[in-house]
Amino acid sequence: MIRITAAGIGGFILVFIEAYIVLLLKSYQTIDFGGIGPFVSVWAMNFFLLFSIFTHLKLWYEEREKARGEVVQEK
């Protein structure tokens with residue numbers, strides 16, 4: 001649940017960070033996303049990118065804790 005929430009909020013924030021980078025690189029004054037459809041598409045791509053990163057981090061952390069538990073038990 002936390003991964004979904006963090007990915008949703010983070011994806012929304014990333015849309016604006018990406019737009020700001022485009023503004024700086026291309027010296028634009030404004031950006032037109034072309035409506036709500038393209039905006040939601042970009043947000044969805046960012047959402048799934050962040051969700052996959054958070055899932056990978058969760059699995060890595062669980063494996064790390066499991067490995068540490070096994071090392072402690074061996075001693």
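No lab work stands behind these numbers, since they all come straight from the coordinates. Bear in mind the structure is a predicted one, so any value in this text is a computation, not a measurement. Reconstructed Cβ throughout: ideal geometry from the backbone, glycine too, with neighbour counts over all protein chains shown.
Across the chain, where is the longest run that never hits chymotrypsin sites (Phe, Trp or Tyr not before Pro) in a DSSP loop with at most 16 other C-beta atoms within 10 Å?
34-75
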Item to check | Structure-based [θ]222 nm, the chain - -39500 (n - 2.57) summed over DSSP H runs of at least 4, per residue, nearest 500 | outcome: -31000 deg cm²/dmol
